[in-house]
1. Can we say A:V88 is free of Cβ contacts under 8 Å to residues at least 12 places away in the same chain and within 35 Å of the chain's Cα centre (by Cα)?
2. Scanning the range A:43-84 for residues that are more than 29 Å from B:V293 (Cα to Cα) and touching a residue at least 40 places away in the same chain (Cβ under 8 Å), which turns out farthest from the other protein chains (Cβ to nearest Cβ)?
3. Can you find a residue in the range B:236-247 that is more than 14 Å from chain A (Cβ to nearest Cβ) and under 30 Å from B:I408 (Cα atoms)?
4. Among the residues in the range B:264-277, are any crowded, with 21+ Cβ neighbours inside 10 Å and either closer than 20 Å to A:M112 by Cβ or more than 19 Å from the chain's Cα centre (by Cα) (or both)?
5. Please work out if B:L58 is over 24 Å from the mean Cα position of the chain (by Cα) and of a type in the set (A, V, I, L, M).
6. Please find, among A:L95, A:L109, the residue that is surrounded by fewer than 17 Cβ atoms within 10 Å (Cβ to Cβ), in a helix (DSSP H, G or I) and facing chain B (nearest Cβ under 7 Å).
7. So which residues in the range A:161-190 are assigned to a strand (DSSP E or B) and in contact with a Gly (Cβ under 8 Å, 6 or more places away or on another chain)?
8. Within the range A:152-175, identify whether any single residue is in the same structural domain as A:C225 (by TED's automatic domain parsing), aromatic (F, W, Y) and touching a residue at least 60 places away in the same chain (Cβ under 8 Å), and answer yes or no.
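The values are calculated or read from the model by the stated rules, or taken from the named source; none is laboratory data. Please read these numbers as outputs of a predicted model, since none were measured by experiment. So basically every Cβ, Gly included, is an ideal-geometry build from the backbone, and we count neighbours across all protein chains shown.
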Amino acid sequence: MGTIRITTCSFMLSLLLVGNAQAAWTLNLTPGVTEISRSVYNLHMTIFWICVAIGVVVFSIMFWSIFHHRKSRGAKAHNFHEHTLVEVIWTLIPLGILVAMAVPATATLIKMYDPSDAELDVQITGYQWKWRYQYLDQEIDFFSNLSTPREQISNEAQKQAHYLLEVDRHLVLPTDTKIRLLLTANDVIHSWWVPALAVKKDAIPGFINEAWTRIEEPGIYRGQCAELCGVDHGFMPVVVEAVPPAEFEQWLADARAQQDAAAAAAGRSWTLEELMTEGEQVYQRVCAACHQPNGTGMPPAFPALVNSPVVLGDVERHIDIVLNGVQGSAMQAFREQLSAAELAAVITYERNAWGNNTGEAVAPSRIVQLLQGDGQSEQEGGQ
Amino acid sequence: MSTLETTTVTGEQHESHHHGPAAGIGRWLFTTNHKDIGSLYLWFSLLMFLTGGVMALLIRAELFQPGLQLVEPGFFNQMTTMHGLIMVFGAVMPAFVGLANWMIPMMIGAPDMALPRMNNWSFWILPFAFAILISTLFMDGGAPNFGWTFYAPLSTTYAPPSVTYFIFAIHIMGISSIMGAINIIATILNMRAPGMTMMKLPLFVWSWLITAFLLIAVMPVLAGVVTMMLMDIHFGTSFFNAAGGGDPVLFQHVFWFFGHPEVYIMILPAFGIISQIIPTFSRKRLFGYASMVYATASIAILSFLVWAHHMFTVGMPLVGELFFMFATMLIAVPTGVKVFNWVTTMFRGSLTFETPMLFAIAFVVLFTIGGFSGLMLAIAPVDFQYHDTYFVVAHFHYVLVPGAIFAIMAGTYYWLPKWTGHQLNECMGRWHFWLSFIGVNITFFPMHFIGLAGMPRRIPDYALQFADFNMVASIGAFIFGFSQLLFVWNVIHNVRSGEAAPARVWEGAEGLEWEVASPAPYHTFTTPPRVE
């Protein structure tokens, strides 16, 4: 008997431990890594302890009554039922406590609302279900997608330490620099949140919201979208990588070089195999959330691509939909999200995967042409 | 003497004076009797409570472990949405209207509600509203999946086609609530027995009078906002569509102008019930009657001035944030007064702990915990960390489950012997109480921790550091959920059998409802009593 109980017990324990080798039983808010996040944490703890103190007093009186004034102990009911002075006192004392809470809260809020003298501006745009980061004046612009493999989500593979909190490209920011964040959204409302920075701000289509941060310690800080934004709301994490300013300058240079290389890749000629390999990667990263890894989609919102008339039909129409999206549907315009080579690859992949065998390859140069051509016509239209 | 005179003067109405209920299903379909309609509301609410509860258990089952096991994210979102809508509009609100129907006429010495035919109508449109709402689960594209707060443009441009049915269902629920509220106000203001002055009204009646005014004020706002959605979806307007010059934040302002008073619509009648029960089992008059009335009215008025504390992260200007933060903190004052009054009522009383009292005491303690987390959420700079996390989920479940729902159960146990004529089975009542009390805390207390640790709400899958407490919460949810079968058993058992209950069911009970026999006759106070 005893052994069975111990075995069961240790089995349960090991379940907890193995299941979460990483995890402590986290109980509280993080103090974070900015001055603001620390004052928020201190406010939180102050108010928490005030609530605990009030609770202890009120519940002690209540439980004292429950134990001592019970009928079974012969308690006789007294007859008092009104006392104006007491009522006034217990109206005024809480009011005083509230004022005492409001003062530091107001001070912190005023600090949070002062984005002046920012040294770096980053525009953050929420898309269903990814973030776009544009470093204004730095010519850097990229999307950040969840990078946790689907097999881990569907329990076919062991979940890694940063399950659901990892992305393909981090938002790299310099430490000890006041950074202004400008938030907006492309489709529905999202909310950009990193607990360690105590920044949570809604990204709203048609609005540009402002927030700021000054990170004090280098490190990787993880957060998530906080506002319900559709089916994959739970799968659009935020990962901030804070590095010292010198390292940040180096990163900027590397990132620019990488963007140039991607542009150059579109100029050379690609074989069908190359396009298919690259296309599959892009598809799984960007398209599979809606159209599903095997192209079956989730109709009616997300149509199937297998045997789809668009995918098997006129290539120009297929390209147009991928580049420019479909108005009034969940299909986004990918012209800015992917490079010309990636666009060509993914379209080629869709036209030749899962039994769709058109045998057609879309050349990256064709996409470059289209992107540039459209740019020109837009400019003409503007004049 | 007077009865004899009445009979001779209006002899032809004699038959209708003392008739009992009609036979068969017609009794329920065509009834204008406040007791029958009260029972219909309560049974309907119980059915919706169980339906919404099954959805909650599906949610908790999916969240038992990280990874996607049982349901797809799309269906998960439908479940969170439908669970919220059904619990708010189908379980809590109709339960309070049912209690109001049963008890208000008996408490103020009126023979029935002021507008009995409208009363029938306001109940009978509800099943249609929920049939429409629940049928969306079987439609192409699935049920509404944008959360019970249905923020635009997720609920307009990006919504499934079933959103139109959802809008229609909300309209019907709103009409039902408004008719119910009009009826309650008309009854309380016009049908009080001679001598039943306003400041003698039982607190349940007072709290419902104030709640009914809230309903009339905000239900049209809800109807307005869903109609604007309908226009955006089908008639080419752009109220909430930024691309057409509209404003998605406008939706939130209008919604929460309804939504915050709605929160108090779900808690003020609970305050009323608790204010009836605690004095009874303390055998002592309620402490600070007048201040209780004023506190309830203050909470109701403040509820119109705090809506944007649900929107601290939308990017309001600093002055807006400060105004809504201060106004929200103020609510703690009248709410505190109520808690202090309840505790002082118990102080130096002669307490016993029958099932209704157990639920009432649990209400005071756990609602206060929900109040504390509410106060923390009011602090705007800290709310940036709490907003849209499980901390919020913990907060509003603490005020709604061991708050509103425990009060409804306390009220049901308190008045059930009056309705059925049978004494409670105390043993089974206690089992139900203790399992619910333990279950509710195991479910919702850990949610404070996972919220503070950083888990957003409304996600079907989560990072590994949230795993332990999610598992605990899911276990608690199943304990709480299955304990409610005991409640169903208790109610059905009490309807069918039990010791005969006297007119004054509880030793310390005061009020007109305890003057009539148990079970209450089909018609009570056809001759108004005189209140001294």
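1. So A:V88 does not fit the description; no.
2. The selected residue is A:T46.
3. Scanning the range B:236-247, I find no residue that is more than 14 Å from chain A (Cβ to nearest Cβ) and under 30 Å from B:I408 (Cα atoms), so the answer is no.
4. Looking for residues that are crowded, with 21+ Cβ neighbours inside 10 Å and either closer than 20 Å to A:M112 by Cβ or more than 19 Å from the chain's Cα centre (by Cα) (or both), one finds none in the range B:264-277, hence no.
5. no
6. A:L95 is the lone residue from the list that is surrounded by fewer than 17 Cβ atoms within 10 Å (Cβ to Cβ), in a helix (DSSP H, G or I) and facing chain B (nearest Cβ under 7 Å).
7. Residues satisfying the conditions are A:L183, A:T184, A:A185, A:H190.
8. No, the range A:152-175 has no match at all.
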